[in-house]
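Below: the structure, in structure tokens.
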Amino acid sequence: MAELRQRGPAEKDLQHRRSEDKGSETEGRSERDGASDNEAKSDSGIPEVAGSADDTPEVLNKALSGLSSRWKNWWVRGILTLAMISFFFFIIYLGPMVLMMIVLCVQIKCFHEIITIGYSVYHSYDLPWFRTLSWYFLLCVNYFFYGETVTDYFFALVQREDCLRILSKYHRFISFALYLTGFCMFVLSLVKKHYRLQFYMFGWTHVTLLIVVTQSHLIIHNLFEGMIWFIVPISCVICNDIMAYMFGFFFGRTPLIKLSPKKTWEGFIGGFFATVVFGILLSYVMAGYRCFVCPVEFNNDSNRFTVDCEPSELFQLQDYILPSVLHSVTGWTTVKLYPFQIHSIALSAFASIMGPFGGFFASGFKRAFKIKVGVICQTFANTIPGHGGIMDRFDCQYLMATFVNVYIASFIRGPNPTKVIQQLLALRPDQQLHIFNSLKAHLTERGLLPALEAAA
Amino acid sequence: MTERTQQRAQICGHKQTRAARVSLCTCRRRYLWSPLVELTGLATLTPCWLCSFLTRTSDDIYVLFRLNRAKMTELRRRGGGGDPDSTENISDKEADGDDKLGFPGEAEGDTEGDSKADTPDVPPSIDNTPQCLNKALEGLSLRWRNWWVRGILSLTMIIGFFLIIYLGPIMLILVVMSVQIKCFQEIITIGYRVYHSYELPWFRTLSWYFLICVNYFFYGETVADYFALVHREEPLQFLVRYHRFISFALYLAGFCMFVLSLVKKQYRLQFYMFAWTHVTLLIVVTQSHLVIQNLFEGMIWFILPISTVICNDIMAYLFGFFFGRTPLIKLSPKKTWEGFIGGFFATVVFSFLFAYLLSQYQYFVCPVEYNSETNRFTVECDPSNLFVMQEYTLPTAVQNAIRWKTVNLYPFQIHSIALSSFASLIGPFGGFFASGFKRAFKIKDFADTIPGHGGIMDRFDCQYLMATFVHVYIASFIRGPNPSKVLQQLLVLQPEQQLSIFNTLRNHLREQGVLPPAVAEAQ
């Protein structure tokens, strides 16, 4: 692959491409391309890249001290990946509350990483107020989004407490007032020679908020639908990374896109099929357990989250008739599947096809701001040894959360009935009467209401 | 000629055309009102005393204006340590764009300020004034000419505003959409100029594509809410049901095109423009969408906030012109505290009266509804409590002062006080934001669409926050959720959910006494 890549471009581009090769080290989002990176580097004879500040814990260092540096990288990444996956399962075990806190922490860390990049790009450490304002905006937007969630899902709890009730009734107004305060502080903080910089940072903060905070909020929404809607998409994206890497490693020939020279078409397609299969199997396993399948609800009496319910028909085994082609191949006429598995095909297809675009976006971003090992000596940050920062792990997940949310809203469920009741009760009596009559007419048409009731 | 007549003649430069007793003036066109005189052919009828009076008055006004500005400049210099910095002079010149009204004649003052510094001149805007105006004004000196151009354009815009209100809601929606598209185009063009990114592949296409996507999303949501007709047609029903999914797919296609269009040496530029487009969309499109939603609540919720912001601009300018001493903020050196406070009180009074005037007409007050039978918009209804006159008891202090016990007011007028306070106190921040933006990117005006005023954005920068505020205000304090939207959501639910909601609602209505109590439950 390295040879193909080197044969391709013209001579004068070679230098630039070498630095791209260096940079693409951080793009391998799966854990074991350290070896091929080192080989590419030694081939082109570039001076050894000054490694990222070595964060690996001492114990790992000792255990791996004997190995040559290329396998060492493999091992570090491999161990950290396993650690992250175990951690993932552990927090799933701990329940929805902890998951929410984790999502919140990840969001704050991502935001912090991107804002720090903005600082270093623009050398704006000494801008007055700017850090305060960025964090303030983050707080405002989070307050707005979490307030909406809390109001929706904790309705009874909110109605009990007076101050919470007032806060929820005027929630939008309060959020807007908070945001406005931040806006006015920004305007008042404009300093004469730094206008352009300050506007850039303002724009940077807002775009970051748009990307990071809305995505994390949608993840939480998905979580409340049922933990399976949180676990399966994330697992599909991770699996796609790993599988695409493996297929690319063993079979990869044709480069996929100039932006990430190490992605290959073989990896892409192989990863696609492997992820779909993995999604089907994983959803088969998970759909059997209530704790994953039921919407998360807040029990008012015990003041805890409960996941107890009757599984909806999405999670009940049904018979599907196989098309005749498969029938002749496997000799089965029908197969028992959860309907959810059909949906998981759609989710995993999206993860394989669109997920990488989020990765390309992040690669382009890193390349645009020259954030690569050896130039600024950082990936997004150095939080996870061998992998880079939190953003590096989560860049494929951007679009996934939004897609799952839109998918659920369009194909799975309608609006939340509790919410509709709330809205109904907030209307004026004459509007309620009007809706009552329309609904009665509609139900009578459908035959759900016997005619006797309709007459009453 | 008497002594006095001679003096007057000297002032206005008249030429004696008739016998000594009747002295008519064919004044040289030196004073403010002369174009009017010229256009209407009154020149030959203006007696000399009138001519000299007018000349002197206009001179006095100009002197007063110049004195004010000199005082302000002095105060600024004394306060700021006399910084003959280039930026300060740019700020003087660019601050020209800050005054959003019809009467400033500061073009001359700025040319003097310019000669003090040696900043490279900002290229003058292309002169867009129509030919007829140019001819009528060609005799005037430059300073009055600017006044006239701005004044005429302001009047035209205000008349245009009233005209489209008269034409009805559909027209308003179309106008809002056009303004939105023009604002978006202006800001994107600025982005191009700043970054010299005309040659970027795909970029213009992508920006407009994103604009179309976001508009499709928002208008789809609005249309689905308000037009029941949508439920009748089959293809429309499909579009409505999967609306979010379709919009998301469209946006994704744009996102993928962006990623595929990244060109090797221009990554940073492309990311900047991507972010620029998104922030612009965030500001411009969401605001215009909220304006349309306010409009559907009742045209008064559209007219009153906009008029309040315009009035605040004009009043703050006038108060600043006559009484202005203390500068308000370094960002806009021509705003003064006197203008700010005077504008605040004047705006509150204006909106109070204007609300009183508008609340009487059903045309303004009723929510805009779409009549499926006639396929037109109707504004007919029973005015809600907000627009029904009520008696308020005055507090005793005021009672002693004016000896009225109660006063008849529309409740809406109380709300209009809140709206106008916001427009006066926070609205200017939108203007400061736009000034800062223009100064940051060293542009004088957003564009040259309106002669004398600059681009559309220059007119609308104070309105940014107003639309959002009115929307949030309505949602929090005025009305609950939209009934047709709730009904829609109901119809989408599963039948058993619908049944359970039906029962809950029936019980609730029975408790409230709206429905007669049931005799027996069949089920």
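The values are calculated or read from the model by the stated rules, or taken from the named source; none is laboratory data. Values in this document were obtained by computation on a predicted structure and should not be read as measured data. Quick reminder, even Gly has a Cβ in these numbers, built from the backbone with ideal geometry, and neighbours come from all protein chains shown. Quick note on the areas: whole protein, heavy atoms, side chains included, nothing else; ligands and nucleic acids left out. Shrake-Rupley method; radii C 1.70, N 1.55, O 1.52, S 1.80 Å.
Would you be able to tell me the number of residues in region A:202-261 that are among the polar types (S, T, N, Q) and out of contact with any Leu (no Cβ under 9 Å at 6 or more places or on another chain)?
The qualifying residues number 4.
Select the helices (runs of 4 or more DSSP H) contained entirely in region A:287-361, then report the ones holding at least 3 residues which are surrounded by 15 or more Cβ atoms within 10 Å (Cβ to Cβ).
A:290-293, A:339-353
Counting only residues that are under 22 Å from B:Pro367 (Cβ atoms), modelled with pLDDT of 70 or more and of a type outside the set (Gly, Ala, Ser), how many does region B:465-485 have?
10
Anything in region B:329-339 that is away from chain A (no Cβ under 14 Å) and either at positive phi or touching a residue at least 40 places away in the same chain (Cβ under 8 Å) (or both)? List them, or say none.
Residues satisfying the conditions are B:Lys334, B:Thr336.
With respect to B:Leu269, determine if the residue is in a helix (DSSP H, G or I), open to solvent by 30 Å² or more (accessible area, probe 1.4 Å), away from chain A (no Cβ under 11 Å) and modelled with pLDDT under 85.
For B:Leu269, the condition - in a helix (DSSP H, G or I), open to solvent by 30 Å² or more (accessible area, probe 1.4 Å), away from chain A (no Cβ under 11 Å) and modelled with pLDDT under 85 - is not met.
Suppose the filter is open to solvent by 20 Å² or more (accessible area, probe 1.4 Å), at the interface with chain A (Cβ under 9 Å from one of its Cβ atoms) and either over 25 Å from B:Leu153 (Cα atoms) or at pLDDT below 70 (or both); does B:Val492 pass it?
Yes.
Please enumerate the residues belonging to region B:186-225 that are at pLDDT 85 or above and open to solvent by less than 30 Å² (accessible area, probe 1.4 Å).
B:Leu206, B:Ser207, B:Phe210, B:Leu211, B:Cys213, B:Asn215
Condition check: within 14 Å of another protein chain (Cβ to nearest Cβ), among the β-branched types (Val, Ile, Thr), assigned to a helix (DSSP H, G or I) and surrounded by fewer than 23 Cβ atoms within 10 Å (Cβ to Cβ). Does B:Ile283 satisfy that?
yes
Within region A:235-278, take every residue that is open to solvent by 70 Å² or more (accessible area, probe 1.4 Å) and of a type in the set (Val, Ile, Thr) and give me the one that is modelled with the highest pLDDT.
A:Val277
Could you tell me whether any residue of region A:297-306 is on the phi > 0 side of the Ramachandran plot and not aromatic (Phe, Trp, Tyr)?
There is at least one residue in region A:297-306 that is on the phi > 0 side of the Ramachandran plot and not aromatic (Phe, Trp, Tyr).
Filter region B:160-185 for residues that are of a type outside the set (A, V, I, L, M, F, W, C), under 30 Å from B:Arg244 (Cβ atoms) and at pLDDT below 85 and give the result.
B:Pro169
So A:Cys184 ticks every box in (1) closer than 30 Å to A:Pro295 by Cβ; (2) at pLDDT 85 or above; (3) in contact with a Phe, Trp or Tyr (Cβ under 6 Å, 6 or more places away or on another chain) but one. Which box is left unticked?
Here A:Cys184 meets the rest and fails (1).
Taking the residues in region A:249-279 that are away from chain B (no Cβ under 14 Å) and of a type in the set (Val, Ile, Thr) as candidates, determine which candidate is farthest from A:Phe357 (Cα to Cα).
Going through the qualifying residues, I end up with A:Val277.
With the structure loaded, tell me whether A:Leu281 is open to solvent by 20 Å² or more (accessible area, probe 1.4 Å) and out of contact with any Gly (no Cβ under 7 Å at 6 or more places or on another chain) or whether it fails that test.
yes
Before we move on, is B:Leu509 in contact with a Leu (Cβ under 7 Å, 6 or more places away or on another chain), modelled with pLDDT of 70 or more, surrounded by fewer than 19 Cβ atoms within 10 Å (Cβ to Cβ) and not basic (Lys, Arg)?
Yes.
Give region A:186-205 a look and list any residue that's open to solvent by 50 Å² or more (accessible area, probe 1.4 Å) and part of a helix (DSSP H, G or I), or say none.
Of everything in region A:186-205, those that are open to solvent by 50 Å² or more (accessible area, probe 1.4 Å) and part of a helix (DSSP H, G or I) turn out to be A:Leu188, A:Lys192, A:Lys193, A:His194, A:Arg196.
From the list A:Leu104, A:Leu99, A:Leu164, exactly one residue is open to solvent by less than 30 Å² (accessible area, probe 1.4 Å), under 26 Å from A:Phe305 (Cα atoms) and either outside any loop (DSSP other than H, G, I, E, B) or not acidic (Asp, Glu) (or both). Which is it?
Going through A:Leu104, A:Leu99, A:Leu164 in turn, the sole match is A:Leu99.
Filter region A:167-185 down to the residues that are in a helix (DSSP H, G or I) and facing chain B (nearest Cβ under 7 Å) and list them by number.
Of everything in region A:167-185, those that are in a helix (DSSP H, G or I) and facing chain B (nearest Cβ under 7 Å) turn out to be A:Arg172, A:Phe173, A:Phe176, A:Leu180, A:Phe183, A:Cys184.
For residues that are touching a Lys or Arg at 6+ places or on another chain (Cβ under 8 Å) and either closer than 16 Å to B:Phe350 by Cβ or without any contact (Cβ under 8 Å) to a residue 12 or more places away in the chain (or both), tally how many sit in region B:394-427.
1
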